[in-house]
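Trainee: Can you keep this structure in mind? I'll have questions shortly.
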Amino acid sequence: MADVHPEQAQLQADRIYLGWQYVLLHPDPGPPPKRPSPVVEPPQAATPDPELVRRERMQEDLLNRPVKIFRTFMAVLAVVILAAAIAGALKWSFAIIGLVAAGGVAGICSYAVLQGDRAVRYRVREQQARDDRLRQERDKELFRAQEEHAERYRGWQELKDRHDRQLTWYAVAVPDEIDRVDVAGGTLPGWSALVTLLGATRLYSGGHLTVLDLSEGAIAKDLIELARRGGDDPLVWVLPVDLPKLDLGATLKPEAFADVLAHVVSVSEEHRTTRDLSFDNAILERVLDVLGENATIAQVTAALRALAQVGDPRDDLEFGLITAEQLERIGTMFGRGVSDRVVIERAWALESQLRKLETLGTEAVRLPPARLRVVSMDRQAGVFGNRVLGTYVATALTHILRQSPASDRPWYHTIIVAGADKLRGDVLDRLMDACETSRTGLVLTYRSLTPTVRERLGRGHAAVAFMRLGNAEDARVASEHVGTEHRLELAQLTETISASVAGLNGTPYTSTIDQVEEDSTEERGESRTDLKEDITESTEWGRTADQLGEKERVLQRSREFLVEPHRLQQLPTTSVIVTDATADGRRVRLADANPAILTFPRTTLGELEEVREAVLGMGGTVEPEEPPPNLGPPPPRLDWRKKG
């Protein structure tokens with residue numbers, strides 16, 4: 001199992017990385033629990049409430065008003081009695097009795113008023129005591145609430161820390177037991193991202209890579225820069241300009257060379273049968289038998305012109321393309337009669353097609369070994385000519401693979417064919433079979449799901465990946481292949497950066513063949529560079545990694561969608577739906593092929609199932625694992641110039 005710790009995870013040579021899956025194993029716990037707020041006491045809370053005292057006083061005054069009036073009356077009466085006694089109008093015996101009675105009643109009334117005042121003060125103190133008890137109860141409740149809040153906050157903080165520290169991007173890979181990866185749909189920027197990621201992980205795990213770019217969109221440009229950064233000198237052919245220095249298939253045996261050329265001729269005849277191919281093959285084999293081994297295509301076309309009686313053969317004799325003896329043998333090769341007309345017509349057709357390859361290998365030089373080789377088509381060249389050249393390269397590669405021993409390590413040599421829907425079905429079949437028997441990894445990308453592609457999509461032990469499908473019918477076929485019941489999670493970051501990658505393929509390839517020195521034959525040793533640093537420094541994806549990383553920290557939302565045709569037509573540029581068969585059943589995963597995601601701090605090269613098992617088995621912690629086992633010495637490198 002791969003190491004799931006992001007700082008110590010390493011590329012695994014037995015895995016084919018196709019992107020990154022965004023999953024949050026620990027959901028966002030949301031906002032922190034609200035802290036309970038204490039009741040704000042008024043400033044007079046420590047003293048009696050003036051309003052309460054006023055109300056109590058008012059109530060007591062209302063109750064004591066009759067007593068106070070009666071007390072006043074008795075006091076006035078006592079004064080009157082005293083005055084009458086002094087004036088002599090009343091005897092002092094009666095006056096004293098009256099004064100005692102009036103004073104006693106007034107005193108009783110004053111005592112009653114005094115008791116009322118005491119009752120008021122008592123009620124105020126009781127109310128203040130009740131308020132104090134309520135305040136103490138509130139303080140106790142607040143203290144308990146704050147303790148509960150502190151406990152809930154600690155639990156929330158633990159969940160939040162786990163959420164913030166968790167891995168968010170997991171590798172989406174298929175095992176190297178898979179023979180082939182079929183990529184259906186997609187745009188040129190999307191293909192560029194996928195090819196850069198897949199090619200970089202293959203090269204940095206010690207493998208070799210050949211890219212046949214039929215898309216005319218320079219999708220491997222970032223991969224080339226990345227390989228240079230990693231210490232390699234990639235070989236880049238831009239056809240047809242570099243056709244004279246392309247020695248691919250130039251040293252094949254005559255039988256194989258005739259087969260290659262027959263398939264090249266059939267590129268414009270979609271409905272040709274095996275019988276037609278056999279007829280062309282027979283003509284070419286006889287022509288090559290006359291010309292001898294190591295015959296060039298220019299010599300083949302000269303012989304075909306002589307056979308088809310086109311032009312003046314003396315011109316070819318003058319240029320040394322054929323000899324007089326060869327010309328005489330060609331003239332009598334098929335005899336005379338009605339069949340001669342059929343031979344002449346086919347020879348003429350063969351010559352008209354193969355003349356586009358006449359300069360092949362005419363200026364071939366010994367090239368140094370390289371772990372990355374790119375053969376591309378010039379977008380300024382003709383469409384039909386590029387199809388002929390692409391078919392030739394694919395067919396020649398097929399024959400070289402058929403004659404090479406099976407590799408000790410699957411996918412050690414990987415071939416990527418971008419725009420494989422431009423090749424005939426039988427050419428694809430032969431390439432698939434050759435890669436399977438030689439244990440060579442094969443990645444085919446198709447712009448559209450033509451009937452030829454549908455018949456071969458996922459055939460055999462292959463993984464299928466779907467990118468954005470612009471055509472409604474293609475989207476319907478893809479949704480039926482994947483299954484509309486699947487729910488996939490799409491990261492907001494993937495949607496956000498989808499529009500920003502539209503202009504990553506604006507410049508064409510630059511040929512490196514003219515810059516190669518003939519005596520530079522030493523192969524470079526293993527590079528010790530860091531893949532994350534190289535992606536950041538040498539690719540357009542990596543140069544925006546800082547900005548993407550900032551967005552990755554902010555945009556942690558995602559949404560689910562069903563695999564429906566209209567959804568497949570709206571997929572972000574770098575989104576890839578990967579389907580493959582395992583012992584536990586068929587897997588369907590949504591990945592982002594943006595190679596810059598590898599530079600994010602919370603990206604791991606471990607797959608989601610592995611990380612989940614590690615987390616469950618280790619009590620929620622992820623520890624570094626043992627380094628991957630030694631893969632042993634690499635098998636011999638596939639050499640284009642190796643004959644047989």
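The values are calculated or read from the model by the stated rules, or taken from the named source; none is laboratory data. Treat the numbers as computed from the prediction; the structure is a model and nothing was measured. Methodologically, a virtual Cβ is constructed for each residue, glycine included, from the backbone with ideal geometry; neighbour enumeration extends over all protein chains shown. Calculation scope for accessible area: heavy atoms of the full protein, side chains included, ligands and nucleic acids excluded. Shrake-Rupley method; radii C 1.70, N 1.55, O 1.52, S 1.80 Å.
Trainee: Provide Rg over Rh for segment 118-203; use the alpha carbon set for both Rg and the Kirkwood Rh (inverse mean inverse pair distance).
Mentor: 1.64
Trainee: Once you have the Cα-Cα distance between Gln403 and Glu328, take 0.36 nm times their residue separation minus that, and quote the gain in nm to one decimal.
Mentor: Contour length minus the Cα-Cα distance gives 23.6 nm.
Trainee: Can you give the net charge of the other residues whose Cβ lies under 12 Å from the Cβ of Thr539, counting K and R as +1 and D and E as -1?
Mentor: -1
Trainee: In whole angstrom, note down how far apart the Cα centers of segment 468-491 and segment 424-455 are.
Mentor: Cα centres, segment 468-491 to segment 424-455: 22 Å.
Trainee: Same structure, new question: If R₀ is 30 angstrom, what is the calculated FRET efficiency for the pair Leu62 and Leu82, using the beta carbon separation as r and rounding to 0.05?
Mentor: For R0 = 30 Å, the calculated efficiency reads 0.40.
Trainee: Additional query: Counting other Cβ atoms within 10 Å, keep those with at most 15, restrict to DSSP loop, and tell me which GluC sites (Glu not before Pro) in segment 138-185 are left.
Mentor: Glu177
Trainee: Evaluate E = 1/(1 + (r/R0)^6) for Phe319 and Glu537, where r is the Cβ-Cβ distance and R0 equals 41 Å; express this FRET efficiency to the nearest 0.05.
Mentor: 0.25
Trainee: Could you tell me the calculated FRET efficiency between Gln492 and Glu51, based on Cβ-Cβ distance and R0 = 45 angstrom, to the nearest 0.05?
Mentor: That gives a FRET efficiency of 0.20.
Trainee: Cα-Cα pairs above 17 Å in segment 314-442: how many percent?
Mentor: 72
Trainee: Among Tyr122, Tyr22, what's the order by accessible area (1.4 angstrom probe), most exposed first?
Mentor: Listed by decreasing accessible area, they come as Tyr122, Tyr22.
Trainee: How do 422-432, 580-590, 220-230 rank on mean C-beta neighbours within 10 Å, highest first?
Mentor: Order by mean packing, descending: 220-230, 422-432, 580-590.
Trainee: Using a 1.4 Å probe and ignoring any ligands, DNA or RNA, find the accessible area of Leu197 and quote it in Å² to the nearest 10.
Mentor: Leu197 has an accessible surface of roughly 0 Å² with all protein chains in place.
Trainee: Which Rg and Dmax, in Å, describe the Cα atoms of segment 338-414?
Mentor: Just the Cα atoms of segment 338-414 yield Rg and Dmax of 17.2, 54 Å.
Trainee: Among the listed pairs Lys221/Lys532; Lys34/Lys140; Lys245/Lys422, which have their C-alpha atoms separated by more than 22 angstrom in this model?
Mentor: Lys245/Lys422
Trainee: If you don't mind, another one. State, to one decimal in nm, how far the label point of Ser93 lies from the label point of Gln380, with both points 7 Å from Cα in the Cβ direction.
Mentor: 15.4
Trainee: Here's something else I'd like to know. Hey, what D do you get for segment 198-310 in µm²/s if you plug the Kirkwood alpha-carbon radius into Stokes-Einstein at 20 °C and 1.002 mPa s?
Mentor: For the chosen part, D equals 126 µm²/s.
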